[in-house]
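Here's the structure, in structure tokens; my notes come after.
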Amino acid sequence: MVKSILILGRFQPFHLGHLSLIKRYSQAGFFIKIGIGSSENKISQKNPLTKNERKEIIKKSMNEEKIKNYKIFYIPDINNDKKYVKHVIKIIGEFQTIITGNPHVLRLFLKYKSKNPWNIETFKEDISRPGGKITSSTIRKKWKKKPDKAGLHFSTYLYLKKINFSERLRKFKSSQ
């Protein structure tokens, strides 16, 4: 049986921190399940990319890095903490390890009574993150001013420029 890992996030946008996690687990022989959270949301200040744009960005990075042992899933929010973990499992299937940077989602998985407990990896909003100080919110703040390659795979940078990401962000009062 191949071990699988769930990397769950909004990926607004997908950055080098996300990619470094995926590469590490891919090289260790895991099948990578990428859960794009809040997939039902329309474009907003906090979610400036559509689910399809996020999927496209991730696929481009995976292709360029020659990572083939992955599958992308859309995880819509259900706004029901008691049912959220089951909701994710129904979409994703089985996995042995979960990684998330969202403290609320982490708490939900820690509370859930699973027959086969998961390994859980998380990180704080500081330098202990896999990509260091790279966060999607920092990237959005920079891009609101002007396009910036910092923290992004080159294909992601090009994609965000192509869709006028900076202009999109400027339509919102402040980027989170």
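A few points about this structure:
- Qualifying residue in segment 26-45 (condition: closer than 22 Å to residue 160 by Cβ, within 16 Å of the chain's Cα centre (by Cα), in a helix (DSSP H, G or I) and not aromatic (Phe, Trp, Tyr)): no
- Boolean, residue 81 is touching a Gly at 6+ places or on another chain (Cβ under 8 Å) and either within 30 Å of residue 171 (Cβ to Cβ) or not β-branched (Val, Ile, Thr) (or both): no
- Total residues in segment 48-75 satisfying the condition of being among the β-branched types (Val, Ile, Thr), in a helix (DSSP H, G or I) and within 17 Å of residue 26 (Cα to Cα): the figure is 1.
- Annotation: residue 54 fulfils all but one of (1) charged (D, E, K, R); (2) open to solvent by 10 Å² or more (accessible area, probe 1.4 Å); (3) modelled with pLDDT of 95 or more; the unmet one is (2).
Let's see how each residue does on (1) touching a Leu at 6+ places or on another chain (Cβ under 9 Å); (2) at pLDDT 80 or above; (3) open to solvent by less than 50 Å² (accessible area, probe 1.4 Å):
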residue	(1), (2), (3)
113	no, yes, no
119	no, yes, no
124	no, no, no
141	yes, yes, no
154	no, yes, no
161	no, yes, no
164	no, yes, no
168	yes, yes, yes
171	no, yes, no
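- Within segment 97-119, residues that are in a loop (DSSP other than H, G, I, E, B) reach partners that are among the charged types (D, E, K, R) with beta carbons closer than 9 Å, at six or more positions or on different chains, in the pairs 101/124; 101/125; 101/129; 102/10; 112/86; 116/94.
- Being modelled with pLDDT of 90 or more, among the aliphatic types (A, V, I, L, M) and either open to solvent by 30 Å² or more (accessible area, probe 1.4 Å) or not in a helix (DSSP H, G or I) (or both) is a condition met by at least one residue of segment 76-90.
- Scanning segment 126-139 for residues that are open to solvent by 40 Å² or more (accessible area, probe 1.4 Å) and either at pLDDT 95 or above or farther than 21 Å from residue 44 by Cβ (or both) yields a count of 5.
- Of the residues in segment 29-39, none is of a type in the set (Val, Ile, Thr), touching a strand residue (DSSP E or B) at 6+ places or on another chain (Cβ under 6 Å) and open to solvent by 50 Å² or more (accessible area, probe 1.4 Å).
The values are calculated or read from the model by the stated rules, or taken from the named source; none is laboratory data. Predicted, not measured: the structure shown is a model, and the values here were computed from it. Backbone-built Cβ (ideal geometry, glycine too); neighbour counts: all protein chains shown. To get the accessible areas, we keep the full protein, side chains included, count just its heavy atoms, and leave off ligands, DNA and RNA. Shrake-Rupley method; radii C 1.70, N 1.55, O 1.52, S 1.80 Å.
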